[in-house]
Amino acid sequence: MRNILLRDLQECAIAVVAGQDKLASIMCGSIIEALLIQKMRECGIEKYDLTEIRKNAVSCPICNMGLNELLYVANKEHLISSSCYHLGHYVRDYRNIVHPAKEVRMKEEISHETVLTMWTVLKQISSELFGRG
């Protein structure tokens, strides 16, 4: 997992620098998901009660959670700060722009400034989870 994440981080950084904004935004969200799952597994969290945010989800495996649920668990378990929790939702909102219909509904394109913000959020969450940026 470590090698995959390092490869993905490098690929994401290249996408950011090259101005491949849509790719970079998708990768930022994907990497944040993987980092959250990895940290939760290290902490012994394999399942979590999501009934506060999702109906009929008593004990959901973390490997089946989306970014919204993973951020919720990380926040509840104090793995990330409240500010990272909220910033993570910023990334989540843009990450699904891979679907053209979502981009049309949002009436917004991903700008390079948006991607730079997402990259910063990724680094902050990484730092909070693993103590490095």
Quick one: among SER30, SER81, SER59, which has the greatest mean-square fluctuation in a GNM of the chain with alpha-carbon springs under 10 angstrom? SER59
Out of every Cα pair in the stretch 10-133, what percent are spaced more than 27 Å from each other? 19 percent
Once the Cα atoms of helix 67-76 and of the chain are each reduced to a long axis, what angle between those two axes, in degrees from 0 to 90 to the nearest 10, is obtained? 50 degrees
Solvent-accessible area per residue for the chain at a 1.4 Å probe radius, Å²? 56 Å²
Most to least accessible of MET1, MET40, MET27, MET106 (protein chains only, probe 1.4 Å): MET1, MET106, MET27, MET40
Round to a whole number: what % of the accessible area of the chain belongs to carbon and sulfur, probe 1.4 Å? 50 percent
Using a 1.4 Å probe on the protein heavy atoms only, what accessible surface does ASP8 show? Give it in Å² to the nearest 10. 30 Å²
Only helical DSSP H runs with n ≥ 4 go in: add -39500 (n - 2.57) per run for the chain, normalise by residue count and round the 222 nm mean residue ellipticity to 500 deg cm²/dmol. -22000 deg cm²/dmol
Assign unit charges at the C-beta atoms only (+1 for Lys and Arg, -1 for Asp and Glu), then state the dipole size of the chain relative to its Cα centre in Debye, rounded to the nearest 20. 160 debye
In square angstrom, rounded to the nearest 10, how much accessible surface does GLU77 have for a 1.4 Å probe? 80 Å²
Scoring the chain by relative contact order with C-alpha pairs under 8 Å, at least six apart, yields a percentage of 30 percent
So who's got an amide H within less than 5 Å of the one on LYS47, skipping anything under 5 residues away but keeping other chains? H placed 1.01 Å off N, in plane. ILE62
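The values are calculated or read from the model by the stated rules, or taken from the named source; none is laboratory data. Keep in mind that this is a model prediction, so the values were computed, not measured. A quick note on method: Cβ atoms are made from the backbone with ideal geometry, for glycine too, and the neighbour counts reach across all protein chains shown. In case anyone asks, the SASA skips ligands and DNA or RNA and just uses the protein heavy atoms, side chains included. Shrake-Rupley method; radii C 1.70, N 1.55, O 1.52, S 1.80 Å.
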